[in-house]
Amino acid sequence: MTVPIVLLLLGGLFAAAGPRLLSRAQWPEREPVLALWVWQCVVAAVLLCCVLAMALTASAAWGGVRRHLFAFAPSGVVDAYGLPHQGPWAAVVTVFLAFGGAWTAAMLTREVRTVRAERRRRRAELLDGVPVLPGEDRGRGGRLVVLESERVDAWWLPGTPRQLVITTAALRRLEGRQLGALLAHEQGHARARHDWLLNCASALAAGFPQVPVFAGFRKQVHRLVELAADDAASVRFGRLTTALALVGLNEDRGVFGHCPVPTAQVPRRVHRLLDPAPRLSPLHRLRVTATAMLVPAVPLLVTFGPGLSALS
């Protein structure tokens, strides 16, 4: 009885305290890749607490589940958890957690289908809007697509094949190294599979909008992936060039005026590139990485602790 309750309390603690601690910290903007890793560890710990608690309560409620789950464990291990002595609450908690798991799967499925439909629509628009050169096969998309448009824009289109789309207005406005920084930024998104993170964060937040860790994950992941891509571009082309590329790409969108778009992060990103804060020391980064890895390990230790104690 104790272990499932502790797991649920741990999950609630991680879900409530994790976003608060990360939102108050000053280092995530200096280390966006590390911050993304910490967010993923916290979210994984919350999900792990729920899954492990559901497995144990299901074992307590139904003997068939218990026999399969502890098929290779000595009898003393099962006794250490006290599973056969649980009350009817175990079945209720199991059904509740199973519903949450099914709802999560449904939200992920819906998100994947929505993203794929949007991707197909955008690819169809590209096929209609991009002229076919002599000797070029319309059915085979290249990795780079130049779109005739007066809007200065560029984006990476995930899928198969992955394509980088850039407008002719962007080609005219951005100079050589600025264009290279823009391409490096979008390639940074593609290499790190940021689209997967964004999809998972959106699905979890849509399915459980009242859970602080999922809402905070979706809010922060959009900002952090852009900062991480900015850093990837600045490593190759320099911070000044990357900042100029951001300005050239966004100066017509009203984000630098006296009344910028409320959700615009571009001015802050430009300032971060031009006046960077010092990075964390390697030892500090190692400590943060190790601490983040310990967060999802805590539910595992709580779950397997009684069994290991019985074996010893």
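The values are calculated or read from the model by the stated rules, or taken from the named source; none is laboratory data. Everything numeric here is computed off the predicted structure, so don't read it as measured data. Ideal geometry is used to build each Cβ from the backbone, glycine not excepted, and the neighbour counts take in all protein chains shown. Surface accessibility is based on the protein's heavy atoms, side chains included, excluding ligands, DNA and RNA. Shrake-Rupley method; radii C 1.70, N 1.55, O 1.52, S 1.80 Å.
Checking Leu198 against (1) touching a residue at least 60 places away in the same chain (Cβ under 8 Å); (2) closer than 22 Å to Ile166 by Cα, only one condition comes out false. Which one?
The failed condition is (1).
Looking at Leu286, is it free of Cβ contacts under 8 Å to residues at least 24 places away in the same chain and either open to solvent by 70 Å² or more (accessible area, probe 1.4 Å) or assigned to a helix (DSSP H, G or I) (or both)?
yes
From Gly11, Gly101, which residue is within 30 Å of Gly216 (Cβ to Cβ), buried (at least 16 other Cβ atoms within 10 Å of the Cβ) and small (Gly, Ala, Ser)?
The conditions single out Gly11.
Picking from Gln210, Gln220, Gln187, which residue would you name as being of a type in the set (S, T, N, Q) and out of contact with any helix residue (DSSP H, G or I) (no Cβ under 8 Å at 6 or more places or on another chain)?
Only one candidate qualifies: Gln210.
When region 37-50 is examined, which residues are found to be of a type in the set (A, V, I, L, M) and surrounded by fewer than 18 Cβ atoms within 10 Å (Cβ to Cβ)?
Taking region 37-50 first, the residues of a type in the set (A, V, I, L, M) are 38, 42-48.
Once the filter is applied, which keeps residues that are of a type in the set (A, V, I, L, M) and surrounded by fewer than 18 Cβ atoms within 10 Å (Cβ to Cβ), region 37-50 yields only Ala44.
I need every pair where a residue in region 296-309 that is over 10 Å from Leu48 (Cα atoms) and part of a helix (DSSP H, G or I) has its Cβ under 7 Å from the Cβ of a residue that is modelled with pLDDT under 85 and open to solvent by less than 20 Å² (accessible area, probe 1.4 Å), sequence separation at least 6 or different chains.
Gly307/Val77
Which condition number does Leu34 fail, the rest of (1) open to solvent by 50 Å² or more (accessible area, probe 1.4 Å); (2) within 30 Å of Val235 (Cβ to Cβ); (3) in a helix (DSSP H, G or I); (4) in contact (Cβ under 8 Å) with a residue 40 or more places away in the chain being met?
Condition (1) is where Leu34 drops out.
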